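Working notes, structure below.
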Amino acid sequence: FLRDNGDSAVYAAACIEQVCLDDKVLSVPFDLFEVEHLTDVLSMEAFDTLGEEQQEELARLLPEGFDRQALQHLLSGANVRFGNPVNAVGRQMAAGERHPRVMAYREGLAELQRRQHAHVLRDHHNGIVRTMLA
């Protein structure tokens, strides 16, 4: 374990992990990864403790039509279409699946799989044409 030996900047940097959410990369403290359910930290009570300016800034990041009731439903930990997205992101963060490098590798893998599927489909169609012409 790291201990704060006087160099606070080094200690603080070592206790931060990069996390990718959509197209944004955030710096998140390691302590957040130890939380079992992210909704234990991200809750309406926590949201209500923020100042009005901070609440408005966060509200601008939400999709259009996302009102306070929808936010409360999401942050309550309730299931939304087969699970809670906040808790799902928390599990992905804890598993390291939201690290920017991992996300880049996943995007690359998805592109390779898409291309492989296109090749398999093309070969299948070519085989059908060959049998029809034979």
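The values are calculated or read from the model by the stated rules, or taken from the named source; none is laboratory data. All figures in this text were calculated on a predicted structure; none of them were measured in a lab. Here the Cβ positions follow ideal geometry from the backbone for every residue, glycine too, while neighbour counts run over all protein chains shown. The area values use the complete protein model at the heavy-atom level, side chains included, leaving out ligands, DNA and RNA. Shrake-Rupley method; radii C 1.70, N 1.55, O 1.52, S 1.80 Å.
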Looking at (1) modelled with pLDDT of 85 or more; (2) over 27 Å from GLU17 (Cβ atoms), can you tell me which one GLY51 breaks?
(2)
Please specify each residue of segment 81-105 satisfying the condition of being farther than 15 Å from GLU17 by Cα, open to solvent by 50 Å² or more (accessible area, probe 1.4 Å) and part of a loop (DSSP other than H, G, I, E, B).
ARG81, PHE82
Answer with yes or no whether PHE33 is over 16 Å from the mean Cα position of the chain (by Cα) and aromatic (Phe, Trp, Tyr).
no
Top-ranked residue in segment 14-59 [being within 24 Å of TYR105 (Cα to Cα), out of contact with any strand residue (DSSP E or B) (no Cβ under 7 Å at 6 or more places or on another chain) and without any contact (Cβ under 8 Å) to a residue 40 or more places away in the chain; ranked as least open to solvent (accessible area, probe 1.4 Å)]
ALA14
Restricting attention to segment 79-97, does a residue exist that is modelled with pLDDT of 90 or more and of a type outside the set (A, V, I, L, M, F, W, C)?
yes
Checking the structure you have, find out if any residue of segment 65-79 is open to solvent by less than 100 Å² (accessible area, probe 1.4 Å), closer than 20 Å to VAL19 by Cα, not β-branched (Val, Ile, Thr) and not in a helix (DSSP H, G or I).
no
